[in-house]
1. Kindly establish whether THR505 is touching a residue at least 60 places away in the same chain (Cβ under 8 Å), open to solvent by less than 40 Å² (accessible area, probe 1.4 Å) and assigned to a loop (DSSP other than H, G, I, E, B).
2. Before we move on, is SER184 under 26 Å from TYR242 (Cα atoms) and either of a type outside the set (Asp, Glu) or surrounded by 14 or more Cβ atoms within 10 Å (Cβ to Cβ) (or both)?
3. Among the candidates ILE68, ILE140, ILE133, ILE57, which residue alone is closer than 28 Å to LEU209 by Cβ, of a type in the set (A, V, I, L, M, F, W, C) and in a strand (DSSP E or B)?
4. Just one of (1) under 25 Å from the mean Cα position of the chain (by Cα); (2) exposed (fewer than 13 other Cβ atoms within 10 Å of the Cβ); (3) of a type outside the set (A, V, I, L, M, F, W, C); (4) part of a helix (DSSP H, G or I) trips up GLU189, so point out which.
5. Kindly list the number of the only condition in (1) surrounded by 12 or more Cβ atoms within 10 Å (Cβ to Cβ); (2) assigned to a helix (DSSP H, G or I) that fails for LEU424.
6. Residue pairs, Cβ under 8 Å, 6 or more apart or interchain, first in region 281-294 and more than 14 Å from ILE320 (Cα to Cα), second part of a loop (DSSP other than H, G, I, E, B) and of a type in the set (Gly, Ala, Ser). List them.
7. Within region 139-186, track down each residue that is in contact with a strand residue (DSSP E or B) (Cβ under 9 Å, 6 or more places away or on another chain) and among the aliphatic types (A, V, I, L, M).
8. Would you check if there is a residue in region 438-461 being touching a residue at least 12 places away in the same chain (Cβ under 8 Å) and not in a helix (DSSP H, G or I)?
Amino acid sequence: MKTSIVGYPRIGKDRELKFAIEKYFKGDITQDKLIEISKELRKEHWQLQKESKIEFIPSNDFSLYDNILDTAVLLNVVPERYQGLDLEPLDKYFAMARGYQGKSGDVKAFAMKKWFNTNYHYLVPEIDKETKIKLVGRKIFDEYNEAKELNIETKPVLIGPFTFLKLARYKGDNSIEDYIEDISIAYLEILKELSKLGTEWIQFDEPILVTDLDQEDIRIFKRIYSNILKEKSDIKILLQTYFGDIRNCYKDIINLDFDGLGLDFIEGKETFKLIMKYGFPDDKILFAGVLNGKNIWRNNYKNSLKILQDIKNYTKNIVINTSCSLLHLPYSLNSESKLADKYKKHFAFAIEKLEELVEIKKIIQEKNLEESIEYKYNQNLFELRKIEYNPKVQDKINKLTEKDFVREPKFSVREEIQNKHFNLGELPTTTIGSFPQVAAVKANRTAYRAGKISEREYIDFNKERIKECIHLQEDIGLDVLVHGEFERNDMVEYFGENLEGYLFTEKAWVQSYGTRCVKPPIIWGDVSRKKPMTVDYLVYAQSQT
């Protein structure tokens, strides 16, 4: 068996890409420097995967902002309002991602949506009557060539045509039906160009296939791929799915001329049942997603080996794969110097997932589990893992009754009491809560965490910002005031730090969108509130109005 991953984090082990892009936005570095940093990151990531002995290494999974946006630019899906800007191509790209206000014009960004069931967000491409889908970009080819110059063969990754069209926003009375032929031609041109470059495999990501599809959806999917597959030449096509199973279309897909099929055996609850019921074609390779690409915990080799062994009853052509891209994981545990080993050994971030893939392959080759050091160590981890229960929390839970889940008094009564007390009128105004975390606010937090200022100085600074925030809202006439939340970094991390039952990391950053990264705390045991979390700052805010 060989090993593969769907995709890899691009932000860098120390968020190098994030900081480089933000410096470019500020004008602190040139476009050439940003391109140089990006190239170095790709090189580092490819070499790391090669050294880890991953056989199917992805390219074109890297992005300066978002892969869907990259695909839109590649296919000429760029609305006129951006094309008309007197800007460099890279700056037009960022205008689509973030909007632009300046000498060259004033445009809003693409809308942003949650990427299926993850914390990542993609940019929604816009297709109108003026859109002519065609291949105009070079990114997928350039990055394949970059890797090849390093003597690394990759499988270029591209958002599939069906998913791209299904996720797009259509302006006017046009629909997905109007673009089937054009997008088929564009993808065929991509295949032909990659074939000339000597590419063996290409990966088309079609996660939309795990959603509820009707017969019309399946008809469109088959029509697109019938156009593409009949002229695919000598290049091999991997249809990659993730975030669930493809129960609505499995029978249709296995009868199409794909060379590989990537299936999710983690979130795909029906995946193995589909194989049992309908079989798996002998002329295809199954890229079996048995290693969770979203989960920070160590993989239980016993479970993965069981799935792989069961699959072997239906096909021998198996590649050990991640369930989805490792984009949704932190970069590496190697950056965690403060997390105790008794905790750390239970986690696996992106780099560690590569190691796990290779270890699973090694264990399969050894065949005798009793002699596998890796297998015995792995199983020992799961036997030793102890959940840290809090007796007080357990006691409270055990004493809960149905009455505790019913709020009293009922809403209509509460509403009447609140209206009488606050007397806000018909349409009171407010804001959601957070005011901008400007540079001075971030610098104050950094100085406090580095021990350069005292806790008192840190709090006094935040209170001064709260006072300004309250007075601003009063001046402009808002009815319900907020305190601005200057004491909070990432919302989840802030509240986690004020609760029991969490572990905290130093650099376990995960990309949310663009240059935005989050570092969620890890739930290790029973969660409970150890102290008031918002009272002090809210009491102070009230004292200012």
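The values are calculated or read from the model by the stated rules, or taken from the named source; none is laboratory data. Not measured: the values here are computed from a predicted model. A quick note on method: Cβ atoms are made from the backbone with ideal geometry, for glycine too, and the neighbour counts reach across all protein chains shown. Quick note on the areas: whole protein, heavy atoms, side chains included, nothing else; ligands and nucleic acids left out. Shrake-Rupley method; radii C 1.70, N 1.55, O 1.52, S 1.80 Å.
1. Details: touching a residue at least 60 places away in the same chain (Cβ under 8 Å): yes; open to solvent by less than 40 Å² (accessible area, probe 1.4 Å): yes; assigned to a loop (DSSP other than H, G, I, E, B): yes.
When the stated conditions are applied, THR505 passes them.
2. Answer is yes for this residue.
3. One residue alone meets the criteria, ILE57.
4. (1)
5. Unmet for LEU424, out of (1) surrounded by 12 or more Cβ atoms within 10 Å (Cβ to Cβ); (2) assigned to a helix (DSSP H, G or I): (2).
6. Taking only residues 6 or more apart or on different chains, the pairs are LYS294/SER323.
7. ILE140, ALA147, ILE152, VAL157, LEU158, ILE159, LEU165, LEU167, ALA168, ILE176 - these are the residues of region 139-186 that are in contact with a strand residue (DSSP E or B) (Cβ under 9 Å, 6 or more places away or on another chain) and among the aliphatic types (A, V, I, L, M).
8. no
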